[in-house]
Amino acid sequence: MLSVKNLVTTFQTRQGSIKAVDNISFDLPKGSTLGIVGESGSGKSVTALSIMRLIPKDTGKILQGDIIFNGQNITTLTESGMRGMRGNKISMIFQEPMTSLNPVFTVGNQIQETLILHQQLSLQQAQKKAIELLQMVGIPSPEKRIKDYPHHLSGGMRQRVMIAIALACKPDILIADEPTTALDVTIQAQILDLLKNLQKELAMSIIMITHDLGVVAEFCDDVAVMYCGKIIEKAPIHQIFAQPQHPYTQGLIKSIPTFHPEKSHEQRLSTIPGTLPPFHEIPSGCSFQNRCQYAQEACKGLQGTPPLALAAQAHWAACFYPLHPKTHQD
Amino acid sequence: MDLKTYILRRLLHTIPIIIGIATLIFFIFNIVGGDPALTLLGKYAKAKQIASLRHEMGLDKSLFLQYIDLLKSIFTFDFGKSWHTKQNIITSLKESGWISFTLSFPPFIISCALSIIIAMVSAFYRGQFLDKTLVLISIILMSISILSYILLFQWFFAFKLDWFEIAGYDKGFPNFISYILLPGIIIIFLSIGSDIRLYRTILLDEINQDYIRTARAKGLSEVSVLFKHVLKNAMIPIVTNLITQLPFLFLGSLLIENFFAIPGLGNFIVTAINTSDFPVIKAVTILSAIVFVLFNLLTDIIYTILDPRVKL
Ligand SMILES: Nc1ncnc2c1ncn2[C@@H]1O[C@H](COP(=O)(O)OP(=O)(O)OP(=O)(O)O)[C@@H](O)[C@H]1O
Ligand SMILES: [Mg+2]
């Protein structure tokens, strides 16, 4: 359905050119969900925007790679061809529900716009459909709400409206970029439930971007872990949690807060020391070496960057010393 | 609350503001300032002359009565006669204000339309060659002084090419047009540079908003994004800025009116100041304060109409 191959996206910054997305590849089969996790700044949103071809033209560009969607390479699609995809075949919802809706247009207007654009509906038809969509995303009394402006709605409600807009044309792929990060916990659960149900109903694939492994555990089939613009581990979900290969992934899993009142605070919560290095200070060799407790000489660059290699069945990791190596033979 | 009650309430609110302004002006003119009769007649005036002038001006009345007179003049809209021209002040203000308005309103509209269009083109091609060129041109237009425009344009277009009148004015209908064309063009040149820069900044600010990214993610073309989603948001600060400029259309540009000998309000006020024409100065001070208060109110009203987030 969607296959990303060797994607590189660069930005011009004051410190020079940076690879915000550095040679990543993944597949998204029909109806499945891929989780992309990683710390802030690891390149998750840039990956999503690259697939949408919405990288700001003045500073950034897709330097190389292919994005194959239903057999078509969308990196070479014309701008107008791409417009026919956006909001129609591939939709995206954003991290910031409070600011992602236009404040001067009604909710109804903003949903209808997509329908009129892609499905050539008349205004009346679009209005009717907008009410149905609001109903679908669980907004009460939708026939009243379509006349509301975004500022009348709470963050959770606005994110539901964003979902309604994204799903208006029944897309094949939904990219959800941290759809619940800005919302409080109970609302988060509601939105995730809603997305899960709608996924079944519409048989769509989802790319779920998050920094919350809890969300991944609940929601995804596969997961890709990003670090400094690279995918450093990629595996089916049960495998990642059972046998993480990359020390970074292990650190992420350990830092999920758990509820064990009998343990002390230190035992309950561990963190990965240090922070993500800025792009122009990424060390040669493994980009995680400075924060890695297992780092050895080989990680420091003499053998180059560790490639993303099979560490176990269907389990890829970019580490010279994977934690649970297993070959096909055994 | 609906818009009508809101406007009515705001109008009622302006009454105490206007009375406050009048009080302040009364304080400045009648208490802080010296005796205008003395100022007018000079050091060697005889006591009798002074007394009769003071009587003529109503200065021999008690301060309280003078204050009441001032308030009365606001509500009856009658500010008496000018000392200098002996004409009814309101009639003269209307006449010269209208001349200033016919001089500056057409350039205002043209420059407004042009600068919004050019700013949109600039924003559309942001960061590219055309945008950079337009920014450079507007900075150049902004940096040239008003005097250079006046002297250069008068010399070149009026004197050398003889396309326009160099200066002067004729109140008759089609005739006056030939006198206001050249100053009108200069007014456009004076305002368009900074307007383009301001509107471009406002538009670019909108273009970087999250909801514009949403609009693009829907599959809208860059043109519909710009004309629908960006423009409607940008109109809020743009219109606000335009309305605050409106009162100045009546006040006129002092320098332009002076250089082109156009008997507009700007000229009228300067003459009044030069001749110590106190009733005129007082009337202009009060009226312009009132006009500013009213246009402030208008800005707020338009704002509530344009921006659905503003609660009445
Ligand atoms: N328009 C841009 N211009 C320059 N650099 C950019 C731009 N957008 C993103 N970047 C850089 O790309 C890197 C990756 O950013 P990205 O937004 O993908 O992070 P993220 O993983 O989504 O983080 P978060 O969890 O905070 O959303 C960052 O270091 C950022 O500085
Ligand atoms: Mg992000």
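The values are calculated or read from the model by the stated rules, or taken from the named source; none is laboratory data. Note that this is a predicted model, so its numbers are computed, not measured. Virtual Cβ from ideal backbone geometry, glycine too; neighbours counted across all protein chains shown. Heads up: the accessible areas ignore ligands, DNA and RNA and are worked out on the full protein's heavy atoms, side chains in. Shrake-Rupley method; radii C 1.70, N 1.55, O 1.52, S 1.80 Å.
Going by a 1.4 Å probe on protein heavy atoms, which residues of the range A:97-139 end up with at least 30 Å² less accessible surface in the whole assembly than in their chain alone?
Those are A:T99, A:S100, A:N102, A:P103, A:V104, A:F105, A:E113, A:L117, which lose 30 Å² or more relative to the chain on its own.
Taking every residue in B:216-228, how many Cβ atoms of other protein chains lie within 10 Å of its Cβ, on average?
Details: counts 7, 17, 16, 17, 6, 4, 3, 0, 3, 0, 0, 0, 5.
Per residue, the average neighbour count from other chains is 6.
Helix-only estimate, please: 222 nm mean residue ellipticity of chain A, summing -39500 (n - 2.57) across DSSP H runs of length 4 or more and dividing by its residues, to the nearest 500.
About -9000 deg cm²/dmol.
Could you name the aspartates and glutamates whose alpha carbon sits less than 16 Å from that of B:K48, not counting residues in the same chain fewer than 8 places away?
B:D35, B:E56, B:D60
Using unit Cβ charges (K, R positive; D, E negative) and no other charged atoms, how large, in debye to the nearest 20, is the dipole of the range B:182-296 about its Cα centre? Could the numbers behind the result be given before it?
Numbers: 8 positive and 7 negative charges, 86 e Å.
Its charge dipole is roughly 420 debye.
Considering only A:E39, A:E201, A:E233, give the residue with the highest GNM mean-square fluctuation for chain A, with springs between Cα atoms whenever their separation is below 10 Å.
With Cα springs under 10 Å in chain A, the top fluctuation among A:E39, A:E201, A:E233 is at A:E201.
Give the angle, between 0 and 90 degrees and rounded to the nearest 10, that separates the Cα long axis of helix A:155-167 from the longest principal axis of the Cα atoms of chain A.
Orientation of helix A:155-167: about 80 degrees from the principal axis.
Does anyone have the angle between helix B:63-76 and the longest principal axis of chain B? Alpha-carbon axes, 0 to 90°, nearest 10?
Taking Cα atoms only, the helix is inclined about 50 degrees.
Ignoring ligands, DNA and RNA, please state the percent of accessible area on the protein assembly as shown from carbon and sulfur, probe 1.4 Å. Walk me through the numbers before you get to the answer.
Values: 19570 of 31770 Å².
Within the protein assembly as shown, the accessible surface is 62 percent carbon and sulfur.
Could you give the nm distance between label points at A:L63 and A:S122, where each point is 7 Å from its Cα heading toward the beta carbon?
Result: 5.3 nm between the two label points.
Buried accessible area between B and A (1.4 Å probe, both chains summed, ligands and nucleic acids excluded), in Å² to the nearest 100?
Buried surface at the B/A interface: approximately 2200 Å².
Given the options B:M57, B:M235, B:M120, state which has the largest fluctuation in a GNM of chain B using a 10 Å cut-off (strictly under) for Cα springs.
The residue with the greatest mean-square fluctuation here is B:M57.
Given R₀ = 41 Å, FRET efficiency for B:I28-B:Q128 by Cβ-Cβ distance, to 0.05?
After rounding to 0.05, the efficiency reads 0.15.
How much length is gained on full extension from A:R14 to A:Q293, taking 0.36 nm per residue of separation minus their Cα-Cα distance?
Once the chain is fully extended between A:R14 and A:Q293, it gains 97.2 nm.
Could you sort out which of A:K230/A:K254; A:K129/B:K218; A:K57/A:K89; A:K89/A:K144; A:K5/A:K61 sit more than 27 Å apart by Cα distance in this structure?
A:K89/A:K144
So if each residue of separation counts as 0.36 nm, and I subtract the Cα-Cα distance between B:D162 and B:L12, what length gain in nm does that give?
48.7 nm
Given the options B:L40, B:L70, B:L190, state which has the largest fluctuation in a GNM of chain B using a 10 Å cut-off (strictly under) for Cα springs.
With Cα springs under 10 Å in chain B, the top fluctuation among B:L40, B:L70, B:L190 is at B:L40.
How far, in degrees from 0 to 90, does helix B:231-251 lean away from the longest principal axis of the Cα atoms of chain B, to the nearest 10?
The angle comes out near 20 degrees.
Estimate the FRET efficiency between A:K144 and A:D27 by the formula 1/(1 + (r/R0)^6), using the beta-carbon distance for r and 51 Å for R0, to the nearest 0.05.
Calculated transfer efficiency: 0.75.
Excluding B:S221 itself, calculate the net charge of residues whose Cβ lies under 13 Å from the Cβ of B:S221, where each Lys or Arg counts +1 and each Asp or Glu counts -1.
Details: positive: A:R83, A:R86, B:R216, B:K218, B:K228; negative: A:E79, A:E113, B:E222.
My count for the surroundings of B:S221 gives +2.
Between B:A45 and B:E95, what FRET efficiency follows from the Cβ-Cβ distance if R0 is 45 Å, with the result rounded to 0.05?
So the FRET efficiency works out to roughly 0.85.
Any cysteines in the protein assembly as shown with zero other Cys Cβ atoms under 4.7 Å from their Cβ? List them, or say none.
A:C169, A:C220, A:C228, A:C292, A:C319, B:C112
Taking the solvent-accessible surface of protein heavy atoms with a 1.4 Å probe, what is the per residue accessible area of the range B:3-76 in Å²? Walk me through the numbers before you get to the answer.
Numbers: 5170 Å² over 74 residues.
Accessible area per residue, the range B:3-76: 70 Å².
Beta carbons within 10 angstrom, averaged per residue: use that to sort the peptides A:135-145, A:56-66, B:198-208, highest first.
B:198-208, A:135-145, A:56-66
Roughly speaking, what is the stretch gain from B:F64 to B:L297, that is 0.36 nm per residue apart minus the C-alpha to C-alpha distance, in nm to one decimal? Could you put the intermediate results ahead of the total?
Numbers: separation 233, 0.36 × 233 = 83.88 nm, distance 3.05 nm.
Net length gain for the segment: 80.8 nm.
Under a Cβ-Cβ cut-off of 12 Å, what is the net charge of the residues other than A:Q239 that fall near it, where Lys and Arg count +1 and Asp and Glu count -1? Working shown, then result.
Details: positive: A:K234, A:K326; negative: A:D221, A:D222, A:E233.
Its environment carries a net charge of -1.
So, how do all the Cα-to-Cα distances of the range B:3-76 break down into 10 Å bins, in percent, from 0 on up?
17, 37, 25, 13, 7, 3, 0
Under the definition of Cα pairs under 8 Å and six or more residues apart, what whole-number percent is the relative contact order of the range A:2-220?
After rounding, I find 27 percent.
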